[in-house]
1. Give me the accessible area per residue for the range 47-93, probe 1.4 Å, as a whole number in Å².
2. About its Cα centre, what dipole magnitude does the chain give when the only charges are +1 on Lys and Arg Cβ and -1 on Asp and Glu Cβ, stated in debye to the nearest 20?
3. Under a straight-distance cross-link criterion of Cα-Cα below 16 Å, which lysines are reachable from LYS43, leaving out those fewer than 8 residues away in the same chain?
4. Computed from the coordinates I sent, P(r) over Cα pairs in 10 Å bins from 0, in percent equals one of (1) 16, 54, 27, 4; (2) 16, 47, 30, 8, 0; (3) 13, 26, 22, 22, 15, 2. Tell me the label.
5. Rounded to the nearest 0.05, what FRET efficiency is calculated for MET1 and PHE49 with R0 set to 22 Å and r the Cβ-Cβ distance?
6. Taking the alpha-carbon centroid of each part, what is the distance from the range 53-76 to the range 7-39 in angstrom?
7. What ³J(HN,Hα) values, in whole Hz, does the Karplus curve 6.51 cos²θ - 1.76 cosθ + 1.60 give for the range 47-61 when θ = phi - 60°, with x put for Gly and Pro?
8. With the full set of protein chains in place, find how many percent of the accessible area of the range 1-88 is carbon and sulfur; take the probe as 1.4 Å.
Amino acid sequence: MEKIDELIKRLLGEIILKNFEFLLGSLVTINKVKTDQNLKETKIYLNVFPVEKAERVFNLLNKKTSFFQKMLAEKLSFRSLPKIKFILNLGFE
C-alpha cells in the first residue's frame, strides 16, 4: 500500500501544481497519503500556507475532487480508483 500512496501523492502533487496556480497566493503541500487496504478511499493530508488562506484553498480543492479523480484515473491503471478525501492539517508536522 505504501507504493500506491507514494504514487498517488506524487501524481496528485503534479496535477495540483500544473492546474492550480494558487491564485490565492498560497502554498499547498501534501504531507501524507493513506489508502485503505480495500482501495475504496484515499485520504490526502494537506498543509496550506499561509494558514489564514487554508480554509479557502481547502474548499476550492474539495470542489474539484471529481476533476482530481478524473486526472488520476487517466494516469493510473487501477480497476477501481479510490475515492479522494482531502484532510486539512492545521498543525505542523
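The values are calculated or read from the model by the stated rules, or taken from the named source; none is laboratory data. What you are looking at is a predicted structure, and each value in this text was computed from that prediction instead of being measured. Note that we place each Cβ from the backbone using ideal geometry, even for glycine, and neighbour counts take in every protein chain shown. The area values use the complete protein model at the heavy-atom level, side chains included, leaving out ligands, DNA and RNA. Shrake-Rupley method; radii C 1.70, N 1.55, O 1.52, S 1.80 Å.
1. On the way: 3270 Å² over 47 residues.
Accessible area per residue: 70 Å².
2. Using only the charged Cβ atoms, the result is roughly 320 debye.
3. Of all the lysines, those that pass the test against LYS43 - Cα under 16 Å, at least 8 places apart if same chain - are LYS3, LYS9, LYS32, LYS34, LYS63, LYS64, LYS83, LYS85.
4. It is the value labelled (1).
5. Details: r = 28 Å, r/R0 = 1.29.
After rounding, the FRET efficiency stands at 0.20.
6. 8 Å
7. 10, 10, 10, x, 4, 4, 9, 4, 5, 5, 5, 4, 5, 4, 4
8. Details: 2890 of 5640 Å².
That share works out to 51 percent.
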